[in-house]
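Have a look at the structure below before the remarks.
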Amino acid sequence: MAKKYIAGETKAERKARKNAKKGITLAPTAPQSVAKPEIYDTPDPTKKYYVVCLKWGDKYGPEYVNKLYRMVQRNLTVEHEFVCFTENASNLDSGIKVRDLELLQGIEGWWYKPTLFNPSLGLNGTMLFLDLDMIVFKNIDKLFSYKPGEFIIIRDFNRHVIRNYDKFNSSIFRLDTGQHAHVYHNYMADKGSISKRFQGDQDWIRHSIKDNYAYWPEEWIQSYKWEMRGKPPMTAGARGTRDFATKGEPNILNDTSIAVFHGDPNPHYCKDDWVQTNWN
């Protein structure tokens with residue numbers, strides 16, 4: 001017997017028609033559950049939002065703070081204050097809110113990051129911390145609307161070779177005032193010993209935070225050297241001077257908004273045309 005086809009009828013519709021003709025009634029399909037969205041269209045308008053950076057010493061000049069400020073202003077529509085904690089505010093853009101960095105004996109560089117967990121920091125709201133050595137090149141509103149109320153941090157970039165790598169990279173993290181305050185209090189109680197026992201601040205933060213945290217989606221924030229440039233050969237030389245051996249173009253995923261520069265090269269001496277165009 002020849003099969004009967006009706007123009008425009010789908011396979012599922014044809015099967016249902018045949019079953020109806022045979023008097024077969026199928027149980028209705030159970031509705032599919034819809035996952036709760038993790039990204040919200042608009043951050044809570046009743047909250048205060050801050051973008052925060054830290055400048056200590058002379059490793060990074062004021063141009064790093066100013067360029068970061070300009071990149072954020074171009075790519076963030078959420079109302080916010082841009083705050084820089086520093087002991088030297090010389091030549092910073094007038095739009096940057098400067099907070100004095102309380103100098104701690106024997107503490108240098110990244111070891112000031114645990115102080116940002118101080119519940120009495122003077123910033124009451126949600127804080128997005130950004131390292132200075134990065135390029136923000138696409139809208140970052142999602143960094144405030146993603147999983148609101150949770151502590152969010154980068155899964156360390158060794159993820160590119162170790163699946164499900166469960167270490168922190170503190171180049172970008174977000175927290176609410178008072179969240180994980182033990183990171184600060186325990187650090188201040190034994191900061192000299194902690195800064196010697198742990199390789200860096202992110203190792204201390206990971207040691208301190210065992211739960212109540214989440215990672216940023218990996219596509220949003222990428223290592224420029226390892227993930228966007230594929231870990232190319234480097235020039236010889238001292239740390240802080242090495243660049244890629246040859247110019248290249250980064251592989252940019254559709255959802256990537258920030259390129260992080262860890263180790264060498266830093267943006268100001270990276271020869272890649274993309275870097276020099278976008279770091280401004």
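Of the labelled figures (1) 64, 51, 40; (2) 90, 46, 39; (3) 59, 42, 35, only one reflects Cα extents along the principal axes in Å as derived from the coordinates, namely (2). Rounded to the nearest 5, the antiparallel percentage of DSSP beta bridges internal to the chain is 40%. Ignoring aspartates and glutamates fewer than eight residues from Lys67 along the same chain, the ones with Cα atoms less than 18 angstrom from its Cα are Asp58, Glu81, Asp93, Asp131, Asp133, Asp272, Asp273.
Taking Cα centre as origin and charging only the Cβ of basic (Lys, Arg, +1) and acidic (Asp, Glu, -1) residues, the dipole magnitude of segment 49-217 rounds to 520 debye. Close amide H contacts of Lys167 (hydrogens built in the peptide plane, cut-off under 5 Å, sequence separation of 5 or more or a different chain): Asp156.
Computed from backbone phi with θ = phi - 60° and the Karplus coefficients 6.51, -1.76 and 1.60, the 3J(HN,Hα) list for segment 223-237 is 6, 5, 6, 8, 9, 8, 10, x, 6, x, x, 10, 6, 7, x Hz; x is used for glycine and proline.
Exposure proxy for Asp133, Asp93, Asp58: other Cβ atoms within 10 Å of each Cβ, ordered fewest to most, give Asp58, Asp93, Asp133. Here the Karplus curve 6.51 cos²θ - 1.76 cosθ + 1.60, taken at θ = phi - 60°, turns the phi angles of segment 199-204 into couplings of 5, x, 4, 5, 6, 5 Hz, with x standing for Gly and Pro. Anything over 19 Å Cα to Cα? Flag those among Lys55/Lys113; Lys147/Lys231; Lys48/Lys142; Lys48/Lys147, in the order listed. Long pairs (Cα-Cα over 19 Å): Lys147/Lys231.
Under 5 Å between amide hydrogens, built in the peptide plane, is the criterion, and for Val51 it picks out Glu81, Phe82, Val83, Leu128 among residues at least 5 positions away or on other chains.
Working note: Karplus 6.51/-1.76/1.60 with θ = phi - 60° gives segment 71-83 the couplings 5, 5, 4, 6, 10, 9, 9, 5, 4, 7, 10, 9, 10 Hz, where Gly and Pro are set to x.
Coordinate-derived values only; no laboratory data. Computed from a predicted model, the values in this text were never measured in an experiment. We place every Cβ from the backbone using ideal geometry, glycine too, and count neighbours over all the protein chains shown.
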